[in-house]
1. If you check T9 against the conditions, is it at pLDDT 85 or above, surrounded by fewer than 11 Cβ atoms within 10 Å (Cβ to Cβ) and at negative phi?
2. Among the residues of region 63-84, write down those that are among the hydrophobic types (A, V, I, L, M, F, W, C), in a loop (DSSP other than H, G, I, E, B) and under 22 Å from H25 (Cβ atoms).
3. Would you confirm, using the coordinates I've provided, whether K77 is touching a helix residue (DSSP H, G or I) at 6+ places or on another chain (Cβ under 9 Å) and basic (K, R)?
4. Pairs under 8 Å by beta carbon, first residue touching a residue at least 12 places away in the same chain (Cβ under 8 Å) in region 53-81, partner aromatic (F, W, Y), six or more apart or different chains?
5. For region 24-44, indicate whether the set of residues that are closer than 26 Å to H71 by Cβ, exposed (fewer than 11 other Cβ atoms within 10 Å of the Cβ) and at pLDDT below 85 is non-empty.
6. Within region 63-73, is even one residue on the phi > 0 side of the Ramachandran plot, surrounded by 10 or more Cβ atoms within 10 Å (Cβ to Cβ) and either at pLDDT 90 or above or not charged (D, E, K, R) (or both)?
7. Report, by residue number, each residue of region 34-47 that is assigned to a helix (DSSP H, G or I) and within 17 Å of T18 (Cβ to Cβ).
8. Based on this model, can you work out whether T55 counts as at pLDDT below 85 and among the β-branched types (V, I, T)?
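The values are calculated or read from the model by the stated rules, or taken from the named source; none is laboratory data. Note that this is a predicted model, so its numbers are computed, not measured. All Cβ positions, even for glycine, are placed from backbone atoms using ideal geometry, and neighbour counts span all protein chains on display.
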Amino acid sequence: MCANKMYVTYNTEKPAITIQGAFYHTGGTQEEFLREFKYWLESHGWSFMGVTNETTMTTANKELKETMEQHKIEGKKVQRLEDL
């Protein structure tokens with residue numbers, strides 16, 4: 001005899017913010033950054049879903065410029081922190 005199973009699904013669709021760019025830091029490792037980032041997120045009741053990797057400022061700048069150009073082509077808003 002097979003036991004009955006009940007599956008409950010929850011609407012987990014919550015507002016989200018995507019960030020495309022790089023965090024610059026002087027010193028420290030990726031693990032140290034991630035520990036601090038995780039602490040900040042949890043202390044504000046937030047969470048993060050994504051991938052992190054180490055890069056260079058040159059590569060990050062190039063990728064960000066390409067992303068911003070693509071956003072402009074698609075008519076998406078590009079917000080600068082300096083403008084807040």
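1. no
2. L84 - this is the single residue of region 63-84 that is among the hydrophobic types (A, V, I, L, M, F, W, C), in a loop (DSSP other than H, G, I, E, B) and under 22 Å from H25 (Cβ atoms).
3. Yes.
4. Listed by first residue and then by second, the contacts come to M57/Y24; A60/Y24.
5. yes
6. Looking for residues that are on the phi > 0 side of the Ramachandran plot, surrounded by 10 or more Cβ atoms within 10 Å (Cβ to Cβ) and either at pLDDT 90 or above or not charged (D, E, K, R) (or both), one finds none in region 63-73, hence no.
7. The answer is F37, L41.
8. It is false that T55 is at pLDDT below 85 and among the β-branched types (V, I, T).
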